Amino acid sequence: DTEVTQTPKHLVMGMTNKKSLKCEQHMGHRAMYWYKQKAKKPPELMFVYSYEKLSINESVPSRFSPECPNSSLLNLHLHALQPEDSALYLCASSRAGRGEQFFGPGTRLTVL
Amino acid sequence: GENVEQHPSTLSVQEGDSAVIKCTYSDSASNYFPWYKQELGKRPQLIIDIRSNVGEKKDQRIAVTLNKTAKHFSLHITETQPEDSAVYFCAASPDNAGNMLTFGGGTRLMVKP
(Lines give C-alpha, C1' and ligand atoms only; values in the text may rest on other atoms or scores of the structure.)
Protein backbone atom coordinates (compact mmCIF):
# COMPACT_ATOMS: atom_id res chain seq x y z
CA ASP A 1 0.00 0.00 0.00
CA THR A 2 1.66 3.23 -1.15
CA GLU A 3 -1.05 5.70 -0.31
CA VAL A 4 -2.10 7.95 2.51
CA THR A 5 -5.85 7.76 3.06
CA GLN A 6 -8.08 10.25 4.83
CA THR A 7 -11.66 10.09 6.06
CA PRO A 8 -14.10 11.64 5.69
CA LYS A 9 -13.70 13.33 2.30
CA HIS A 10 -16.11 16.09 3.26
CA LEU A 11 -17.30 17.29 6.66
CA VAL A 12 -19.82 19.97 7.57
CA MET A 13 -20.04 20.89 11.23
CA GLY A 14 -21.53 23.53 13.47
CA MET A 15 -19.46 25.63 15.83
CA THR A 16 -20.59 23.59 18.83
CA ASN A 17 -19.91 20.16 17.31
CA LYS A 18 -17.08 17.78 18.09
CA LYS A 19 -15.72 15.80 15.16
CA SER A 20 -12.56 13.95 14.20
CA LEU A 21 -10.52 13.60 11.02
CA LYS A 22 -8.68 10.36 10.39
CA CYS A 23 -5.51 9.63 8.45
CA GLU A 24 -3.94 6.27 7.77
CA GLN A 25 -0.80 4.99 6.05
CA HIS A 26 0.74 1.56 5.75
CA MET A 27 4.08 2.50 4.22
CA GLY A 28 5.98 2.11 7.49
CA HIS A 29 6.50 5.86 7.73
CA ARG A 30 7.31 7.11 11.22
CA ALA A 31 6.67 10.82 10.61
CA MET A 32 3.13 12.12 10.07
CA TYR A 33 1.84 15.63 9.51
CA TRP A 34 -1.31 17.74 9.51
CA TYR A 35 -1.59 20.71 7.16
CA LYS A 36 -4.33 23.25 6.58
CA GLN A 37 -4.88 24.57 3.06
CA LYS A 38 -7.20 27.47 2.27
CA ALA A 39 -8.42 28.00 -1.28
CA LYS A 40 -5.70 29.22 -3.67
CA LYS A 41 -3.12 29.16 -0.87
CA PRO A 42 -0.24 26.83 -0.04
CA PRO A 43 -0.48 24.16 2.66
CA GLU A 44 0.37 25.44 6.14
CA LEU A 45 2.00 23.08 8.60
CA MET A 46 0.00 22.49 11.78
CA PHE A 47 1.51 19.49 13.56
CA VAL A 48 4.32 16.97 13.13
CA TYR A 49 4.48 13.58 14.81
CA SER A 50 7.74 11.69 14.84
CA TYR A 51 7.73 8.11 16.16
CA GLU A 52 4.22 8.71 17.51
CA LYS A 53 5.32 11.70 19.57
CA LEU A 54 4.28 15.28 18.87
CA SER A 55 7.46 17.03 17.79
CA ILE A 56 6.15 20.23 16.22
CA ASN A 57 3.08 22.32 17.00
CA GLU A 58 2.96 25.45 14.88
CA SER A 59 1.06 27.54 17.44
CA VAL A 60 -2.24 25.96 16.46
CA PRO A 61 -5.32 26.93 18.55
CA SER A 62 -6.34 24.36 21.17
CA ARG A 63 -9.64 23.74 19.38
CA PHE A 64 -7.51 21.48 17.14
CA SER A 65 -6.20 18.47 19.05
CA PRO A 66 -3.98 15.92 17.30
CA GLU A 67 -3.54 12.32 18.32
CA CYS A 68 -1.27 9.56 17.03
CA PRO A 69 -2.56 6.27 18.53
CA ASN A 70 -0.07 4.12 16.60
CA SER A 71 2.49 4.34 13.81
CA SER A 72 -0.15 4.02 11.07
CA LEU A 73 -2.87 6.31 12.34
CA LEU A 74 -3.18 10.05 12.86
CA ASN A 75 -6.30 11.79 14.10
CA LEU A 76 -7.26 15.43 14.35
CA HIS A 77 -9.98 16.15 16.90
CA LEU A 78 -12.04 19.26 16.28
CA HIS A 79 -14.06 21.18 18.87
CA ALA A 80 -15.68 24.60 18.94
CA LEU A 81 -14.36 25.55 15.51
CA GLN A 82 -14.93 28.90 13.84
CA PRO A 83 -16.13 29.54 10.27
CA GLU A 84 -12.61 30.72 9.37
CA ASP A 85 -11.38 27.19 10.11
CA SER A 86 -13.13 26.01 6.95
CA ALA A 87 -10.40 24.62 4.69
CA LEU A 88 -8.90 21.50 3.17
CA TYR A 89 -7.08 19.51 5.87
CA LEU A 90 -4.24 17.45 4.46
CA CYS A 91 -2.41 14.64 6.14
CA ALA A 92 1.06 13.58 5.02
CA SER A 93 3.64 11.00 5.99
CA SER A 94 7.32 10.43 5.39
CA ARG A 95 10.12 8.13 6.37
CA ALA A 96 11.83 9.43 9.49
CA GLY A 97 14.90 11.35 8.48
CA ARG A 98 13.89 11.54 4.81
CA GLY A 99 12.35 14.52 3.10
CA GLU A 100 9.70 13.26 0.70
CA GLN A 101 6.26 13.74 2.17
CA PHE A 102 3.34 11.77 0.73
CA PHE A 103 0.03 13.60 1.00
CA GLY A 104 -3.44 12.19 1.47
CA PRO A 105 -6.39 13.48 -0.59
CA GLY A 106 -7.56 15.74 2.23
CA THR A 107 -10.78 16.36 4.12
CA ARG A 108 -12.73 19.39 3.00
CA LEU A 109 -14.13 20.93 6.18
CA THR A 110 -16.92 23.48 6.30
CA VAL A 111 -17.78 25.12 9.61
CA LEU A 112 -21.21 26.75 9.73
CA GLY B 1 11.08 31.50 10.81
CA GLU B 2 11.52 30.62 7.16
CA ASN B 3 9.86 32.75 4.46
CA VAL B 4 9.58 31.46 0.87
CA GLU B 5 8.66 33.78 -1.99
CA GLN B 6 7.55 32.29 -5.32
CA HIS B 7 7.22 33.94 -8.74
CA PRO B 8 5.32 34.24 -10.95
CA SER B 9 1.92 33.57 -9.41
CA THR B 10 0.50 32.63 -12.82
CA LEU B 11 2.30 31.47 -15.94
CA SER B 12 0.79 30.73 -19.34
CA VAL B 13 2.86 28.99 -22.03
CA GLN B 14 2.24 27.32 -25.36
CA GLU B 15 2.55 23.56 -25.54
CA GLY B 16 6.14 22.64 -26.26
CA ASP B 17 7.60 25.79 -24.71
CA SER B 18 9.63 25.82 -21.50
CA ALA B 19 8.39 27.10 -18.14
CA VAL B 20 10.50 28.49 -15.32
CA ILE B 21 9.32 29.12 -11.76
CA LYS B 22 11.55 30.85 -9.23
CA CYS B 23 11.67 30.80 -5.44
CA THR B 24 13.72 32.61 -2.83
CA TYR B 25 14.09 31.66 0.80
CA SER B 26 15.19 33.59 3.85
CA ASP B 27 16.69 31.06 6.26
CA SER B 28 20.28 30.20 5.37
CA ALA B 29 19.90 27.03 7.46
CA SER B 30 17.41 25.59 4.95
CA ASN B 31 18.91 22.64 3.14
CA TYR B 32 16.05 20.68 1.58
CA PHE B 33 13.97 22.07 -1.30
CA PRO B 34 11.09 20.05 -2.76
CA TRP B 35 8.68 20.99 -5.52
CA TYR B 36 5.06 19.83 -5.43
CA LYS B 37 2.45 19.74 -8.17
CA GLN B 38 -1.20 20.06 -7.20
CA GLU B 39 -3.88 19.52 -9.81
CA LEU B 40 -7.32 20.96 -9.20
CA GLY B 41 -9.07 19.06 -6.41
CA LYS B 42 -6.14 16.69 -5.95
CA ARG B 43 -3.42 16.17 -3.38
CA PRO B 44 0.03 17.78 -3.69
CA GLN B 45 2.52 15.37 -5.26
CA LEU B 46 6.29 15.64 -5.12
CA ILE B 47 7.80 16.04 -8.58
CA ILE B 48 11.43 16.72 -7.73
CA ASP B 49 13.56 17.77 -4.77
CA ILE B 50 17.10 18.97 -4.18
CA ARG B 51 19.38 19.14 -1.19
CA SER B 52 21.87 21.89 -0.45
CA ASN B 53 24.91 19.81 -1.30
CA VAL B 54 23.79 19.67 -4.95
CA GLY B 55 23.48 22.55 -7.41
CA GLU B 56 21.27 20.95 -10.01
CA LYS B 57 19.08 17.90 -10.44
CA LYS B 58 17.24 16.65 -13.50
CA ASP B 59 14.48 14.12 -14.06
CA GLN B 60 13.41 13.80 -17.69
CA ARG B 61 11.65 17.10 -18.61
CA ILE B 62 11.98 18.57 -15.13
CA ALA B 63 15.07 20.16 -13.59
CA VAL B 64 15.75 22.14 -10.44
CA THR B 65 18.68 24.46 -9.80
CA LEU B 66 19.83 25.80 -6.44
CA ASN B 67 21.97 28.83 -5.68
CA LYS B 68 22.75 28.71 -1.96
CA THR B 69 24.69 31.96 -1.97
CA ALA B 70 21.78 33.89 -3.42
CA LYS B 71 19.23 31.75 -1.54
CA HIS B 72 17.13 30.97 -4.57
CA PHE B 73 16.08 27.88 -6.47
CA SER B 74 14.18 27.36 -9.70
CA LEU B 75 12.04 24.76 -11.42
CA HIS B 76 12.47 24.26 -15.15
CA ILE B 77 9.98 22.30 -17.24
CA THR B 78 10.88 21.70 -20.87
CA GLU B 79 8.61 20.62 -23.72
CA THR B 80 5.51 21.47 -21.71
CA GLN B 81 2.35 19.44 -22.25
CA PRO B 82 -1.30 20.25 -21.38
CA GLU B 83 -1.12 17.72 -18.53
CA ASP B 84 1.56 19.89 -16.90
CA SER B 85 -1.19 22.43 -16.17
CA ALA B 86 -1.50 22.64 -12.38
CA VAL B 87 -0.42 24.69 -9.37
CA TYR B 88 3.23 24.24 -8.49
CA PHE B 89 4.55 24.89 -4.96
CA CYS B 90 8.16 25.23 -3.94
CA ALA B 91 9.10 24.60 -0.33
CA ALA B 92 12.11 24.84 1.96
CA SER B 93 13.08 23.02 5.12
CA PRO B 94 15.89 23.69 7.62
CA ASP B 95 16.44 20.01 8.23
CA ASN B 96 17.31 17.20 5.85
CA ALA B 97 14.39 15.24 7.19
CA GLY B 98 12.08 17.77 5.60
CA ASN B 99 9.84 17.91 8.63
CA MET B 100 9.44 21.68 8.72
CA LEU B 101 8.28 22.47 5.20
CA THR B 102 7.47 26.11 4.47
CA PHE B 103 5.74 26.50 1.14
CA GLY B 104 5.89 29.32 -1.39
CA GLY B 105 2.65 30.94 -2.50
CA GLY B 106 2.25 28.76 -5.59
CA THR B 107 2.35 29.23 -9.36
CA ARG B 108 -0.62 28.40 -11.53
CA LEU B 109 0.82 27.02 -14.78
CA MET B 110 -1.43 26.89 -17.81
CA VAL B 111 -0.19 25.07 -20.91
CA LYS B 112 -2.21 25.99 -23.97
CA PRO B 113 -2.49 23.32 -26.70
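Considering every residue within the stretch A:55-62, establish whether at least one is within 25 Å of B:PHE89 (Cβ to Cβ), surrounded by fewer than 15 Cβ atoms within 10 Å (Cβ to Cβ) and more than 14 Å from chain B (Cβ to nearest Cβ).
Yes - at least one qualifying residue is present in the stretch A:55-62.
Within the stretch B:51-68, is even one residue within 12 Å of chain A (Cβ to nearest Cβ), more than 21 Å from A:GLY104 (Cα to Cα) and in contact (Cβ under 8 Å) with a residue 12 or more places away in the chain? Even if it seems obvious, please write down each step before you answer.
As a first pass, look at the stretch B:51-68 and keep what is within 12 Å of chain A (Cβ to nearest Cβ): B:51-52.
This time we only want the ones that are more than 21 Å from A:GLY104 (Cα to Cα), so: B:51-52.
Subset that is in contact (Cβ under 8 Å) with a residue 12 or more places away in the chain: B:51-52.
Yes.
Quick check on the stretch B:1-50: of everything there that is β-branched (Val, Ile, Thr) and closer than 17 Å to B:GLY106 by Cβ, which residue is surrounded by the fewest Cβ atoms within 10 Å (Cβ to Cβ)? First the steps, then the outcome.
Here is the first cut: in the stretch B:1-50, the residues β-branched (Val, Ile, Thr) are B:4, B:10, B:13, B:20-21, B:24, B:47-48, B:50.
Still in the list and also closer than 17 Å to B:GLY106 by Cβ: B:4, B:10, B:13, B:20-21, B:24, B:47-48.
Working: B:VAL4: 23, B:THR10: 10, B:VAL13: 17, B:VAL20: 16, B:ILE21: 23, B:THR24: 18, B:ILE47: 18, B:ILE48: 19.
Result: B:THR10.
Please verify whether the stretch A:48-57 includes one or more residues that are without any contact (Cβ under 8 Å) to a residue 24 or more places away in the chain, within 11 Å of the chain's Cα centre (by Cα) and within 26 Å of B:TYR32 (Cβ to Cβ).
Yes: one or more hits.
Answer yes or no: is there a residue in the stretch A:8-19 that is under 30 Å from B:LEU109 (Cβ atoms), more than 9 Å from every other protein chain (Cβ to nearest Cβ), small (Gly, Ala, Ser) and touching a residue at least 40 places away in the same chain (Cβ under 8 Å). Before the answer, list the steps.
First, pick out the residues of the stretch A:8-19 that are under 30 Å from B:LEU109 (Cβ atoms): A:9-10.
Of the ones still in play, those that are also more than 9 Å from every other protein chain (Cβ to nearest Cβ) are A:9-10.
Remaining after also requiring small (Gly, Ala, Ser): none.
Checked against the condition, which is being under 30 Å from B:LEU109 (Cβ atoms), more than 9 Å from every other protein chain (Cβ to nearest Cβ), small (Gly, Ala, Ser) and touching a residue at least 40 places away in the same chain (Cβ under 8 Å), the stretch A:8-19 yields no hits at all.
Strands (runs of 3 or more DSSP E) wholly in the stretch B:55-113 with at least 3 residues that are out of contact with any His (no Cβ under 8 Å at 6 or more places or on another chain) - which ones?
On the way: elements: B:56-59, B:62-67, B:72-77, B:86-92, B:107-112.
Ranges flagged: B:56-59, B:72-77, B:86-92, B:107-112.
Could you grab the pairs with beta carbons closer than 7 Å, sequence gap of 6+ or different chains, first residue in the stretch A:82-107 and within 15 Å of A:LEU21 (Cα to Cα) and more than 9 Å from chain B (Cβ to nearest Cβ), second one part of a loop (DSSP other than H, G, I, E, B) and modelled with pLDDT of 95 or more?
Sorted first by the residue in the stretch A:82-107, then by its partner, the pairs are A:ALA87/A:LYS38; A:LEU88/A:GLY106; A:TYR89/A:GLY106; A:CYS91/A:GLY104; A:THR107/A:PRO8; A:THR107/A:LYS9.
Working only within the stretch A:39-54, note down all residues that are within 14 Å of chain B (Cβ to nearest Cβ) and surrounded by 13 or more Cβ atoms within 10 Å (Cβ to Cβ).
Let us first name the residues in the stretch A:39-54 that are within 14 Å of chain B (Cβ to nearest Cβ), namely A:39-51, A:53-54.
Correct list: A:LYS41, A:PRO42, A:PRO43, A:GLU44, A:LEU45, A:MET46, A:PHE47, A:VAL48, A:TYR49, A:SER50.
Which numbered condition in (1) polar (S, T, N, Q); (2) in contact (Cβ under 8 Å) with a residue 60 or more places away in the chain; (3) surrounded by 21 or more Cβ atoms within 10 Å (Cβ to Cβ) is the only one that B:THR78 fails?
Against the list (1) polar (S, T, N, Q); (2) in contact (Cβ under 8 Å) with a residue 60 or more places away in the chain; (3) surrounded by 21 or more Cβ atoms within 10 Å (Cβ to Cβ), B:THR78 comes up short only on (3).
Exactly one condition in (1) out of contact with any Ser or Thr (no Cβ under 8 Å at 6 or more places or on another chain); (2) farther than 29 Å from A:ARG108 by Cβ; (3) within 13 Å of another protein chain (Cβ to nearest Cβ) is not met by B:PRO94; state its number.
(1)
Within the stretch B:1-47, restricting attention to residues that are away from chain A (no Cβ under 12 Å) and hydrophobic (A, V, I, L, M, F, W, C), which residue is nearest to B:PRO82 (Cα to Cα)?
Filtering the stretch B:1-47 for residues that are away from chain A (no Cβ under 12 Å) and hydrophobic (A, V, I, L, M, F, W, C), the one nearest to B:PRO82 (Cα to Cα) comes out as B:VAL13.
Here is a check on your reading of the model: is A:GLU24 of a type in the set (Asp, Glu), touching a strand residue (DSSP E or B) at 6+ places or on another chain (Cβ under 6 Å) and either surrounded by fewer than 13 Cβ atoms within 10 Å (Cβ to Cβ) or free of Cβ contacts under 8 Å to residues at least 24 places away in the same chain (or both)? First the steps, then the outcome.
Values: of a type in the set (Asp, Glu): yes; touching a strand residue (DSSP E or B) at 6+ places or on another chain (Cβ under 6 Å): yes; either surrounded by fewer than 13 Cβ atoms within 10 Å (Cβ to Cβ) or free of Cβ contacts under 8 Å to residues at least 24 places away in the same chain (or both): no.
For A:GLU24, the condition - of a type in the set (Asp, Glu), touching a strand residue (DSSP E or B) at 6+ places or on another chain (Cβ under 6 Å) and either surrounded by fewer than 13 Cβ atoms within 10 Å (Cβ to Cβ) or free of Cβ contacts under 8 Å to residues at least 24 places away in the same chain (or both) - is not met.
Based on what the data block shows, is B:LEU75 at pLDDT 95 or above and touching a Cys at 6+ places or on another chain (Cβ under 8 Å)?
Values: at pLDDT 95 or above: yes; touching a Cys at 6+ places or on another chain (Cβ under 8 Å): yes.
In short, yes.
The values are calculated or read from the model by the stated rules, or taken from the named source; none is laboratory data. Owing to the predicted nature of the structure, the values given are computational and were not obtained by experimental measurement. Reconstructed Cβ throughout: ideal geometry from the backbone, glycine too, with neighbour counts over all protein chains shown.
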